[in-house]
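None of the figures in this text is laboratory data; all of them are computed from the coordinates on show. Not measured: the values here are computed from a predicted model.
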Amino acid sequence: MAALIRRFSKKSTSIFGSHCSLSPHAIPNSMSSSLLSRRGVASRLFVGGLSFYTTEKTLAEAFSQYGQVIQAKIVHDRVSDRSRGFGFVTYASEDEADKALTEMNGKQVHGRVIFVDYAKPILDGFHSEMPVARGPPGRH
């Protein structure tokens, strides 16, 4: 999906002509939100292997040397409110996210080696890819 978005953004001048710039104000609201949400996935990184002592502030500080961090979020357990050991970092651009991914993957943060990858998009609905059970097999 990221490759499709990059291809679209590179060809945007050829589609609309060289005098037209592709800005959020020139695109209808429904299409604009769709493009921005897709762009957000490409500039959002998954960070695993975090120490339980890593905070959102220290996570943002560690990744801010590679670009403008829009948000740093650590996922917590609902019951204990303790870190689950992973989080997400959102950058202002795909290039900054690419640079952070290559530089931070395998580095140590608070004494733990972290791994960084692109965040996967959130699926619509609960278990949207799971088949629905319709009763015991073989009975129709």
Kirkwood Rh in Å, taken over the range 43-118 so that all alpha-carbon pairs contribute = 12.1 Å
In whole Hz, what ³J(HN,Hα) sequence does the range 45-62 give by Karplus (6.51, -1.76, 1.60; θ = phi - 60°), x for Gly and Pro?
-> 10, 8, 10, x, x, 6, 5, 5, 8, 6, 9, 4, 5, 6, 5, 4, 5, 5
